[in-house]
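To start, the structure itself, in structure tokens.
Values in this text are rule-based calculations from the coordinates and carry no lab data. Model, not experiment: these values are computed from the prediction. Because the Cβ atoms are built from the backbone with ideal geometry, glycine has one as well, and the counts that use them run over all protein chains shown.
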């Protein structure tokens with residue numbers, strides 16, 4: 001189980017998941033005890049899937065949005081490598097610092113930082129990350145009115161195919177050979 005940071009909308013179900021699913025391992029930016037850290041440079045493998053932590057640069061006592069785990073997930077199919085980027089709720093300052101550390105990345109699927117809020121998805125991120133698909137995890141008709149139309153437009157203008165869970169429900173990606181097959185819980189009209 002990976003918990004990007006301590007906010008309730010990302011870690012609120014931790015106790016239930018621990019009790020009912022008994023995960024073999026847990027990673028979070030705070031680390032400590034029986035919990036593995038989530039710090040830049042950490043790497044591990046799970047079957048055919050490789051994980052590399054890109055952010056945060058150091059362990060923190062309590063992880064807020066800027067300390068969210070950013071993880072590059074790589075999956076090798078027979079003749080193709082797929083890359084996913086999980087971004088948690090990083091904000092512009094974290095994106096700028098992260099962008100300084102990274103070479104440009106071509107990503108198949110990325111989670112849109114901070115649910116598509118204007119506090120994230122800076123031009124620095126877009127200059128570094130080229131994503132085929134961008135998924136904003138959000139609630140339909142939420143009081144925060146996420147994702148921001150400006151953020152959605154940025155991704156679309158950069159060539160990303162945009163999905164938001166508030167409209168489409170869950171989004172599934174299947175990686176088969178050279179093909180990515182996308183399905184959603186609801187059809188968007």
Cα shape, the range 86-189, gyration tensor, a/c 1.5 rule: oblate
Simple spin-label estimate for residue 19 and residue 180 in nanometres, 7 Å along Cα-Cβ: 3.8
Rel. contact order, % - alpha carbon contacts under 8 angstrom, at least six apart, the range 95-187: 24
Theoretical gain in end-to-end length, residue 93 to residue 43 [0.36 nm per residue, Cα-Cα removed]: 15.6 nm
Sequence ranges 39-48, 86-95, 112-121, ranked by mean other-Cβ count within 10 angstrom, highest first: 112-121, 86-95, 39-48
Hydrodynamic radius by Kirkwood, which averages 1/r over all alpha carbon pairs of the range 58-99, in angstrom: 11.9
Relative contact order (%) - the chain, alpha-carbon pairs under 8 angstrom, separation at least six: 13
Expected 222 nm ellipticity per residue - DSSP helices of 4 or more, -39500 (n - 2.57), all of the chain, to 500: -5500 deg cm²/dmol
Cα gyration tensor shape for the chain, rounded if a/c is under 1.5, else prolate or oblate: rounded
Cα gyration tensor, the range 51-131 - rounded (a/c under 1.5), prolate or oblate: prolate
